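K.L.:
Below is a structure I'd like to ask you about.
A short reminder: the numbers here are calculations on the coordinates, not readings from a lab. What you see is a predicted model; the values in this text were computed from it and never measured. Backbone-built Cβ (ideal geometry, glycine too); neighbour counts: all protein chains shown.
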Amino acid sequence: MAASQRAELGASNVRLVKDKAARWGVTLGGGLVLMALLLIFFYLLYVVEPIFRGVEIEHQQSFAVPGQGHTVAMGMEEQSEIGYRFSNTGELSFFALKQKPGTDWQPGQVLLTEQVANNPTAFTKTQPQNKRYAYAVADGQVRIVEPKFRSQFKNGRRLTTPVVGFANDGELIQVDPQQRTLTQLAYEYKGESQLFAAVTADNQVIVNFLQASRSFLTGTVELKSKFAELPITGPVDNVVVTPDLTQVFVRQGNRFYVYGVSRTGELSERQLLSIDRRRYDDITSMQLLAGASSVLFGHANGRVTQWFEVAGENGRQYQYIREFQAGNSAIKDIVAEYYRRTFYTVSETGEVGVFHTTSEADLYFSHLDHVKAERVVMDPRANTLLMQSGNELHSFKLENEHPEVTWSGIWQEVWYEGYPEPQYVWQSTSGSDDFEPKFSLVPISFGTIKAAAYAMLFAVPIGLAAAVYTAYFMSPGVRKVVKPTVEIMEALPTVILGFLAGLWLAPLIEEYLPGIVATIVLVPLAIIGVAALTGVLPKAWRNRFTDGRAALILLPFVAFVGWRSFELSPWVEQVLFDGNVRQYITNELGITFDQRNSLVVGIAMGFAVIPTIFSIAEDAVFSVPKHLSNGSLALGATTWQTLTKVVLLTASPGIFSAVMMGLGRAVGETMIVLMATGNTPIMDWNIFEGMRTLSANIAVEMPESEVGSSHYRILFLAAFVLFIFTFAFNTVAELVRQRLRDKYSSM
């Protein structure tokens, strides 16, 4: 007796130890899961946070202005080690910006000086990325200069040497055939063709298009001149040409002339824009933005306005888009970055402003180092700012990595260059350096919701109906086969479903669209019809089939209806849609039809989600205590009444959890959406158009994004938004489930 008691006590102690170990193991596992989620959350925040930092400008060096005369232009090479300066006397000076190991360079030390033009009468520079400068000299001639830098490695260190380069082999270019003195000059080039616009001493505006042509026999390049005078009289404030050599701009006060240049050099007036002084104030400066699609005007009241072409009834016309406020004093100068839509302003009072047009961001406005700025310039990478104040140059370290990203740019409509109106657009990359990135997360967030909605529209009715029938009506023997079969579908790789959807289902739906629609409509009707028909059969016939086997009768009817729908699809298409349903949808209904569309995604993703919904909902319905349903039946309720009034209400927490788990699965699905849709980030509920989801967008673009770039961090922000989506869905699901459980647990 004592031995048996000791044995039982020992077994109880072992059981207690096992229970404690299991409890601690489960607790530890749950804690580790929560910790992993928190780590993911904070890591995403860590990667995303830098895109919302402000501009930081830190003073580095100050030194005397090198060379002679007044500064007309400044610049730097990419590493911000050497700067250069053009003066009004035609002198080009290269100077050190910082100390460099292995050399005796000191900040401000002149490295090279050359007189590139004698007695210049005008000066101009191309857009920053083209890196050319031009002096007008006597007799209407122009010399084009290219500051260059040669790098070589000595003793494991890079050594950069400045070089003075000249376009056109250093020869003067005759811009004005009448050899008049040029007082203003504008110049751009594209390949070997060049476009000049100038103002002569007698206030005539001239344009000379030098078109390059290569001799077929000798291979030499000849420049053919196309000269014209513009019908503009009176003093001119600004003359500008675009880098694509297609437009010439002339400004007289607040009057802005736009001339088009054809491929052959023919000029045509495209627009005369009179900018209202009462609304915008007098124009004091003018500059093309990076990409040369937008014109920036600085005004006397410190305002900067952006204008670009918008398609309208009279063709593409420049119009006002947005404005920025840079203090209250007149804008003396506007400087655009090389590639981004960031620009810098210098006010009459010497304050420097930093702005970005796409994001409509006012990034910075102040006196740099409490010094009055007269002229500023950035290096090609926008890491260094060089400012002239009086007879001194000041260099600053510039940190402005992500000016194009703001909350408004991500979640609100933005008016992008060339677009007819503000829109939500995602277009992160392009083959051109002049590209304006578009980082709106709204289209891909909408696509995520659209894909999940169509998938749930397909999966929820099928999954829940199958779960309820399997758990409540099906015989145990059939249930043992059906339930594992459906659940094992969840192990099917989604890449296989995506592959089948994209390469087999999408062409099938396009070819048999009437049949697909007929199948979706007629199969449920056929099931209802068969059920109604069996209800009028003799009772003896009905009793031959148990509830579990009754469903097997439907299979041949469903198969026949589906087969017949596809067989009649070509006939229906020929009779009702003149033989081409896709053309009818596109031309007659005005609905865009893509082969890989939301219908394909909904069906394919629905099949991926159905096992999740079915498994959880079936367990919830089957777990309803039998005494509840038996008691209901004993009180005289029918089987259907018992199901709707007792079983489903008791199982509602589990059913709701099943739906929300399926929704979470659909929101995070990647491969099916990636392969079965066109991945077009559009905002349209059209079932015949595709979409782009957050997860698919990350999968497509993350491998090609530059680490640390705005694009890279925006993709992490998209992942963060997806994380928040799923977290919110699961939280709401748990709250609702708990309320349903508390409400119906007393039954």
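K.L.:
What is the set of long-range amide H partners of Tyr416 at a cut-off below 5 Å, with H atoms built 1.01 Å from backbone N?
P.N.:
Placed amide hydrogens put Gln423 under 5 Å from Tyr416.
K.L.:
With a cut-off of 8 Å between alpha carbons and a minimum separation of six or more residues, what is the relative contact order of the range 155-210 in percent?
P.N.:
Working: 55 pairs, mean separation 13.7, N = 56.
Result for the range 155-210 is 25 percent.
K.L.:
Which one of Gln115, Gly75, Gln174 is farthest out on the positive end of the charge dipole of the range 71-174, using unit charges on Cβ (Lys, Arg +1; Asp, Glu -1) and the Cα centre as origin?
P.N.:
After comparing all options, I get Gly75.
K.L.:
Right, here's the next one. Using +1 at the C-beta of Lys and Arg and -1 at the C-beta of Asp and Glu, which of Tyr712, Pro524, Gln99 has the Cα lying farthest in the positive direction of the dipole of the chain?
P.N.:
The one lying farthest along the dipole's positive direction is Pro524.
K.L.:
Take every Cα pair under 8 Å in the chain that's 6+ residues apart, average their separations, divide by the length, and report that relative contact order as a whole percent.
P.N.:
Working: 1418 pairs, mean separation 70.5, N = 747.
So the answer I get is 9 percent.
K.L.:
Something else now. Quick check: residue separation of Trp407 and Val481 times 0.36 nm, minus the Cα distance between them. What number comes out in nm? Let's see the in-between values first.
P.N.:
On the way: separation 74, 0.36 × 74 = 26.64 nm, distance 5.27 nm.
Extra length from Trp407 to Val481 when fully extended: 21.4 nm.
K.L.:
Okay, moving on. List the residues, sorted by chain then number, that are 5 or more residues from Leu112 or on another chain and whose placed amide H is less than 5 Å from its amide H.
P.N.:
Phe94
K.L.:
In whole percent, what relative contact order does the range 71-174 give with Cα contacts below 8 Å and a gap of six or more residues? Intermediate values should be presented prior to the final figure.
P.N.:
Numbers: 209 pairs, mean separation 17.9, N = 104.
Rounded, it is 17 percent for the range 71-174.
K.L.:
Computed FRET efficiency, Cβ-Cβ of Arg741 and Thr638, R0 41 Å: what is it to the nearest 0.05?
P.N.:
Working: r = 26 Å, r/R0 = 0.65.
E(calc), rounded to 0.05, equals 0.95.
K.L.:
Can you tell me the FRET efficiency between Phe52 and Glu704 if r is taken as the Cβ-Cβ distance and R0 is 25 Å, rounded to the nearest 0.05? Don't jump to the answer; show the numbers that get you there.
P.N.:
Numbers: r = 24 Å, r/R0 = 0.94.
My answer for the efficiency is 0.60.
K.L.:
Still on this structure, please answer the following. Order of Arg741, Arg85 from fewest to most other C-beta atoms within 10 Å? Walk me through the numbers on the way to the answer.
P.N.:
Values: Arg741 15, Arg85 26.
Taking fewest neighbouring Cβ atoms as first place, the list is Arg741, Arg85.
K.L.:
Which ordering of Tyr424, Tyr84 is given by a fewest-first count of other beta-carbon atoms within 10 Å? The partial results should precede the final answer.
P.N.:
Details: Tyr424 20, Tyr84 24.
Least to most surrounded, the residues fall as Tyr424, Tyr84.
K.L.:
For the range 275-436, what does the alpha-carbon gyration tensor say about shape, rounded, prolate or oblate, given a ≥ b ≥ c as the root eigenvalues, a/c under 1.5 as rounded, and a/b over b/c as prolate?
P.N.:
Numbers: a/c = 2.03, a/b = 1.35, b/c = 1.50.
Oblate, since a/c reaches 1.5 and b/c is not below a/b.
K.L.:
May I ask you to sort Ile724, Ile51 by Cβ crowding, counting other Cβ atoms within 10 Å and putting the fewest first? Walk me through the numbers on the way to the answer.
P.N.:
On the way: Ile724 12, Ile51 21.
With the fewest neighbours first, Ile724, Ile51 line up as Ile724, Ile51.
K.L.:
Take Val33 and Leu552, extend 7 Å from each Cα along the Cα→Cβ direction, and tell me the distance between the two endpoints in nm.
P.N.:
4.0
K.L.:
Any idea what the dipole of the range 275-436 comes to, in debye rounded to 20, about its Cα centre with Lys/Arg Cβ at +1 and Asp/Glu Cβ at -1? Could you put the intermediate results ahead of the total?
P.N.:
On the way: 13 positive and 25 negative charges, 55 e Å.
Here the size comes out at about 260 debye.
K.L.:
Sort out for me the Cα centre separation of the range 318-363 from the range 589-608, rounded to whole Å.
P.N.:
45
K.L.:
Still on this structure, I have one more. Under the rule of -39500 (n - 2.57) per DSSP H run of 4 or more residues, summed and divided by the residues of the chain, what mean residue ellipticity at 222 nm is obtained, to the nearest 500 deg cm²/dmol?
P.N.:
Numbers: 17 runs with 274 residues, N = 747.
Here the helix-only value at 222 nm equals -12000 deg cm²/dmol.
K.L.:
With a ≥ b ≥ c the root eigenvalues of the C-alpha gyration tensor of the range 62-164, is it rounded (a/c under 1.5), prolate (a/b larger than b/c) or oblate?
P.N.:
Values: a/c = 2.49, a/b = 1.83, b/c = 1.36.
Prolate is the answer for the range 62-164, as a/c is 1.5 or above and a/b outweighs b/c.
K.L.:
When Lys and Arg each count +1 and Asp and Glu each count -1, what net charge do the other residues less than 14 Å away from Ser598, Cβ to Cβ, add up to? Present the calculation step by step, with values, prior to reporting the outcome.
P.N.:
Values: positive: Lys450, Arg596, Arg692; negative: Glu510, Asp594, Glu669, Asp684, Glu689.
Result for the neighbourhood of Ser598: -2.
K.L.:
OK, next. For the range 309-317, just list the computed ³J(HN,Hα) in residue order, Karplus coefficients 6.51, -1.76 and 1.60, θ = phi - 60°, integers in Hz, with x standing in for Gly and Pro.
P.N.:
So the Karplus estimates, Gly and Pro as x, are 6, 10, 5, x, 5, 9, x, 7, 10 Hz.
K.L.:
Would the range 119-260 count as rounded, prolate or oblate if I go by the C-alpha gyration tensor, calling it rounded below 1.5 in a/c and otherwise prolate when a/b exceeds b/c, oblate otherwise? All intermediate terms of the calculation are to be shown ahead of the outcome.
P.N.:
Numbers: a/c = 2.05, a/b = 1.58, b/c = 1.30.
Verdict is prolate for the range 119-260.
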